[in-house]
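Asker: One structure follows; several queries about it will come next.
FYI, it's all coordinate maths here, none of it is from the lab. If you're wondering where the values come from, they're calculated on a predicted model, not measured in any experiment. Ideal geometry is used to build each Cβ from the backbone, glycine not excepted, and the neighbour counts take in all protein chains shown.
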Amino acid sequence: MHSLTEEAQPATVKVFTPPLELFSRSNGSERTVVKIGPVSIGAGQPVVIAGPCSVESYEQVLATARAVKAAGAVMLRGGAYKPRTSPYDFQGLGLEALQILRQVRQETGLPIVSEVLSTDDIEAVAEHVDMLQVGARNMQNFALLRRLGQLRKPVLLKRSPAATVKEWLLAAEYLLAGGNGQVVLCERGIRSYDPALRNTLDLAGMALARQLSHLPVIADPSHATGRRDLIPAMCRAALAAGADGLIVEVHPDPQNALSDGMQSLDFPAFACLMETIHTLTRS
């Protein structure tokens, strides 16, 4: 029979110590360079990705790709599957859009980045594009992140407008923990109280993410502001804050775009922006 003293002894408690996060610079990792075809993000020279919010037609995407390439962009963005706040807004052309993007890549040589919304669409999107985007609404879609972590294809991870920097980095951790080290972070604005702006570009958060993590970090001034007149200033500010690149929405006719026309640059405005960026990066 056990004594009262013996029965009162507490059970051994195992303390869980989480591993040092893979995203962290404190684990001794050198800065990651993510390669998408001939493009290197994080190699020291800022890159510019540009294109329409949504793929609307072959002619629209081809014209845009040619214009942004001529101006100096090195990758093409284009939405095939569009998560929209209203179910009645344009939702994208889906597989048709992916086929258009692939055809335009063949004609222009520009690598493609496009958003994937669901685990069901991963294979189709991965087959047609060079880099898969996880949009802000899906930043904490852990099932999607786990599946993308199993791919060996670059992923662009956008920050949710309500996410802390740590939550954003831990979302990237899901990808890294799955074995996919080709991750680029994208600051695209956080939600604030000011209705004059779509979001607020968090330059301090972007700089902090780059300080805490070895992953490349780019900025999306189009979604961060929602206003094309503010995009050039925010591009300059992001580059000054250390961004490894920019992703900018460009459309041949922004006034008649099926989505996000107010935050899209036309071809002359984008060419002017690129001249400014080239001046900044050469100095």
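Asker: Give me, ordered by chain and number, the residues 5 or more places off G245 or on other chains with an amide H under 5 Å from its own placed amide H.
Answerer: V47, A219
Asker: For a quick check of your reading of the filter: which chymotrypsin sites (Phe, Trp or Tyr not before Pro) in the range 158-197 sit in a DSSP loop and have no more than 11 other Cβ atoms within 10 Å?
Answerer: On the way: sites: W168, Y174, Y193; in loops: Y193.
Loop-located and lightly packed - Y193.
Asker: Could you derive backbone 3J(HN,Hα) for the range 25-40 from the dihedral phi with the Karplus parameters 6.51, -1.76 and 1.60 (θ = phi - 60°), listing whole Hz in sequence and x where the residue is Gly or Pro?
Answerer: Ordered by residue, 3J(HN,Hα) equals 6, 6, 8, x, 5, 6, 4, 7, 10, 9, 9, 10, x, x, 9, 10 Hz.
Asker: Among (1) 27, 26, 17; (2) 53, 21, 17; (3) 38, 21, 19, which one is semi-axes √(5λ) of the Cα gyration tensor in Å computed from these coordinates?
Answerer: This structure yields the entry labelled (3).
Asker: Related question: 5 Å is the cut-off here: which amide hydrogens, built 1.01 Å from N in the peptide plane, fall below it relative to Q133, excluding neighbours closer than 5 in sequence?
Answerer: S114, E115, V116, L156
Asker: Please work out the C-alpha center-to-center distance from the range 56-81 to the range 227-254 and express it in whole Å.
Answerer: 16 Å
Asker: Okay, next question. Starting from the 7 Å offset along Cα-to-Cβ, what nm value, one decimal, do you get for the label separation of T279 and L62?
Answerer: If labels sit at T279 and L62, their model points lie 3.5 nm apart.
Asker: Now, a different point. Go through the range 160-168 residue by residue and turn each phi into a ³J(HN,Hα) via Karplus (6.51, -1.76, 1.60, θ = phi - 60°); whole Hz please, and just put x for glycine and proline.
Answerer: Karplus values, whole Hz, x for Gly and Pro: 5, x, 10, 8, 6, 4, 5, 5, 4.
Asker: Along the range 215-224, what does the Karplus equation 6.51 cos²θ - 1.76 cosθ + 1.60 (θ = phi - 60°) give for ³J(HN,Hα), rounded to whole Hz, x for Gly and Pro?
Answerer: 6, x, 10, 10, 10, 10, x, 5, 6, 5
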